[in-house]
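To keep things clear, I will list the structure first and then write my remarks on it.
The values are calculated or read from the model by the stated rules, or taken from the named source; none is laboratory data. Note that this is a predicted model, so its numbers are computed, not measured. Cβ placement follows ideal geometry from the backbone for every residue including glycine, while neighbour counts extend to all protein chains displayed. Note: areas computed on protein heavy atoms with side chains; ligands, DNA, RNA excluded. Shrake-Rupley method; radii C 1.70, N 1.55, O 1.52, S 1.80 Å.
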Amino acid sequence: MSEIICTRCGSTHCKKNGHIHNGKQNHRCKDCGRQFVMDNEQKIIPEWIRCMILKALLERLSLRGICRTFSVSLTWLLSYIVEVYEPCQPI
Ligand SMILES: [Zn+2]
């Protein structure tokens with residue numbers, strides 16, 4: 001697990017502080033008292049899920065449907081599509 005760093009002061013003296021409404025882990029900095037939720041854009045998507053998403057894309061499922069089904073963000077999905085289709089682009 002990556003280190004939790006305060007988004008305001010950069011301190012690593014942070015502790016878990018329950019969850020916010022959408023289930024994300026909330027944290028609280030012991031140094032400055034700021035509460036924050038770590039950005040989970042960096043979440044690692046396992047290879048088998050990537051394969052499933054690729055199949056879903058080929059089946060022309062909607063992007064938002066894929067996001068909901070596999071619990072990935074639309075931002076991540078779009079960057080994944082670029083990553084997957086880039087080598088296939090005609091020059
Ligand atoms: Zn802080």
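Quick one: which of SER62, SER2 is open to solvent by 60 Å² or more (accessible area, probe 1.4 Å), modelled with pLDDT of 90 or more, more than 16 Å from the ligand (Cβ to nearest atom) and more than 13 Å from the chain's Cα centre (by Cα)? Spell out the reasoning first.
On the way: SER2 fails: modelled with pLDDT of 90 or more.
Testing whether each residue is open to solvent by 60 Å² or more (accessible area, probe 1.4 Å), modelled with pLDDT of 90 or more, more than 16 Å from the ligand (Cβ to nearest atom) and more than 13 Å from the chain's Cα centre (by Cα) leaves just SER62.
Note on segment 27-47: among residues that are modelled with pLDDT under 90 and not in a loop (DSSP other than H, G, I, E, B), the one that is farthest from ILE81 (Cα to Cα) is PHE36.
Quick one: which of ILE66, ILE45 is aliphatic (A, V, I, L, M) and without any contact (Cβ under 8 Å) to a residue 24 or more places away in the chain? Reasoning before the result, please.
Numbers: ILE45 fails: without any contact (Cβ under 8 Å) to a residue 24 or more places away in the chain.
Sole residue among the options that is aliphatic (A, V, I, L, M) and without any contact (Cβ under 8 Å) to a residue 24 or more places away in the chain: ILE66.
Of all residues in segment 10-27, those satisfying the criterion of being near the ligand (Cβ under 9 Å from one of its atoms) and surrounded by 14 or more Cβ atoms within 10 Å (Cβ to Cβ) are SER11, CYS14.
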